[in-house]
Amino acid sequence: MNYQSYAPSTYEHDGKSAETRNLKPGELSTGTTIMAIPFEGGVVLGADSRVSTGTYVANRVSDKVAQLHDSIWCCRSGSAADTQALTDYVRHYLSQLAVETGRAPTVKVAAHLMRKLCYENKDNLMAGVIVGGWDPVEKGSVYNIPLGGSCIKMPFAIGGSGSTYIYGLVDSEFKEALSKDEALSLVKKSISHAMARDGSSGGIIRTVVVTESGNEREYVPGDQLPYGPAGW
Amino acid sequence: MASSGSGYDLSSSTFSPDGRIFQIEYASKAVENAGTALGVKCRDGVVLCVEKPMLNKMLLPNTSRRIYTVDTNSGVAITGFVSDGRQVVSRAREEASNYEETYGTKIPPTTLADRIAAYVHYFTLHGSLRPFGTSSLIASYDTETKEHSLRMVEPSGVTYEYFGCAAGKGRQPAKTELEKLSLNKPDAEDNMTAREGVKQLARIIHLLHEEGKDKPFELEMSWLCEESGWEHKGVPRDYIKEAVEWAKKAIEDAEEDDESEDEDEEMQD
């Protein structure tokens, strides 16, 4: 229907949703919920698993948590292609740096590299990344790198389209110096809540617990979410 | 000991039949003709020191540097051809700055030394370039591991890590003196502090310097230690003065002890 004759000024909507507006035709979006929380001795990273093109769910069990180095991981949101390319570049640069310096790179360096790529190519990218991990200098640390390419070290970070629905929840439940189990259950609870309200987030919850001794990958199946349709 | 190159020494891209590259060795000779540079890695920091002969009475004192800051956590002392040294320092600064711009963290000491060494080495490979006539002493602090270290890059492009190193005219006697210092005790607590290091280096330089034979000289000293907040800074001038006074007295006392020992021997006859 054409409402132009009623409106004082001309307003036309192109029919695209806010999230998919900047995607190229056919491009996949990781409209998403991602988060990372440091705890005593490491970091917990978590993400949902829905990849969508418009309303079609292209992949309902995707892995949005990618490994950049032994103890450095990142959560990806935005365009799947862009974030995969960024992750590949950073992984490559980090492995070369590790060979040159003879030591594992720090999370700060990984975040800095990611941010450099995001900032310098900001016109051509749509990528929101959270870099988190463990290193001997800072212990567990989390860096949030949103769309424009800024890089901020934070006590915890959430991102993706679903994160807007859980700011209040995470703000009220987060404390400094959580234990590993507390951090893990907070991540699972928050992402479940986001998945319940955000159409672009769903599927399963993938988590990685990164500590000095190694990484533990887990997932929560879609019918065992702490909160959501199955739990009501 | 002048060895004849007999034709194999005209280019740095030529080996001699006995496997030497003479141009690199001649470059080292250029370093050996210049003022002594010393470095010590102490328990709580690194101290660098260069003896600057005053070539011209009209020179303004305390100008014409030999020690440069490459980044807040690194400093380089050069000896040999000063102009060559400045080029090396300029490159070191670029490397440190680029590293921080790319990786967001201060360049680690091994990486800095490796990059400087690679640069110096490059000039030994090309027929159209000559090797650098400088040795660079690098004092550096690793912001990640919180460890300080001392390295030296020679004209051939090799780099080693040291407790104490010397380059330039007086390096042989200097090395002998450095070996006597407590730098490498099994228990780290027994090693010298940076403050002690400043005094000892002043003493060694003055010991090596022969009045009347060598030109008058200036002493340039810098340190990178706990007291300087782990930043490369010049040793405060008044402390250098204090150290030089102590050094002169220590040398006199040592000479008196030697003389009195001689006297005792005579009396026993």
Members of the range B:103-117 that are under 30 Å from B:Tyr8 (Cα atoms) and within 11 Å of chain A (Cβ to nearest Cβ): B:Asp114, B:Arg115
Quick check on the range B:146-160. Is at least one of its residues within 23 Å of B:Arg66 (Cβ to Cβ), modelled with pLDDT under 95 and open to solvent by 80 Å² or more (accessible area, probe 1.4 Å)? no
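Given the options B:Ser90, B:Ser136, name the one that is in contact with a strand residue (DSSP E or B) (Cβ under 8 Å, 6 or more places away or on another chain) and farther than 20 Å from A:Val109 by Cα. Outline the logic, then answer.
Numbers: B:Ser90 fails: in contact with a strand residue (DSSP E or B) (Cβ under 8 Å, 6 or more places away or on another chain).
Matching residue, one of B:Ser90, B:Ser136: B:Ser136.
Could you tell me whether the range B:213-225 includes any residue that is among the basic types (Lys, Arg), open to solvent by 50 Å² or more (accessible area, probe 1.4 Å) and more than 21 Å from B:Arg65 (Cβ to Cβ)? Give the steps one after another, and end with the answer.
Step one: list which residues in the range B:213-225 are among the basic types (Lys, Arg), which gives B:213, B:215.
Right, trim to open to solvent by 50 Å² or more (accessible area, probe 1.4 Å) and you get B:213, B:215.
Next, from what is left, pick out any that are more than 21 Å from B:Arg65 (Cβ to Cβ): B:213.
Looking through the range B:213-225, at least one residue is among the basic types (Lys, Arg), open to solvent by 50 Å² or more (accessible area, probe 1.4 Å) and more than 21 Å from B:Arg65 (Cβ to Cβ).
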Within the range B:185-244, which residues are assigned to a helix (DSSP H, G or I), closer than 24 Å to B:Thr143 by Cα and of a type in the set (A, V, I, L, M, F, W, C)? B:Ala188, B:Ala194, B:Val198
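Being part of a helix (DSSP H, G or I), touching a Gly at 6+ places or on another chain (Cβ under 7 Å), open to solvent by 40 Å² or more (accessible area, probe 1.4 Å) and within 11 Å of chain B (Cβ to nearest Cβ), is that true of even one residue in the range A:83-101?
Keep residues of the range A:83-101 that are part of a helix (DSSP H, G or I), which gives A:83-101.
Checking which are touching a Gly at 6+ places or on another chain (Cβ under 7 Å) leaves us with none.
The answer is no, given that none of the residues of the range A:83-101 is part of a helix (DSSP H, G or I), touching a Gly at 6+ places or on another chain (Cβ under 7 Å), open to solvent by 40 Å² or more (accessible area, probe 1.4 Å) and within 11 Å of chain B (Cβ to nearest Cβ).
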Among the candidates A:Lys122, A:Lys153, A:Lys139, which residue alone is within 12 Å of chain B (Cβ to nearest Cβ) and either open to solvent by 20 Å² or more (accessible area, probe 1.4 Å) or at pLDDT below 95 (or both)? A:Lys153
Any idea which of (1) within 13 Å of another protein chain (Cβ to nearest Cβ); (2) exposed (fewer than 14 other Cβ atoms within 10 Å of the Cβ) is the one A:Asp171 doesn't satisfy? (1)
Exactly one condition in (1) surrounded by 19 or more Cβ atoms within 10 Å (Cβ to Cβ); (2) modelled with pLDDT of 95 or more is false for B:Arg171; which is it? (2)
What residue, among those in the range B:120-145 that are within 14 Å of chain A (Cβ to nearest Cβ) and assigned to a loop (DSSP other than H, G, I, E, B), is surrounded by the most Cβ atoms within 10 Å (Cβ to Cβ)? B:Glu144
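The values are calculated or read from the model by the stated rules, or taken from the named source; none is laboratory data. For clarity, every value in this text was computed on a predicted model and none was experimentally measured. For neighbour counting, all protein chains shown are included, and Cβ atoms are generated from backbone atoms with ideal geometry for every residue, glycine included. All accessible areas refer to the heavy atoms of the entire protein, side chains included, with ligands and DNA or RNA removed. Shrake-Rupley method; radii C 1.70, N 1.55, O 1.52, S 1.80 Å.
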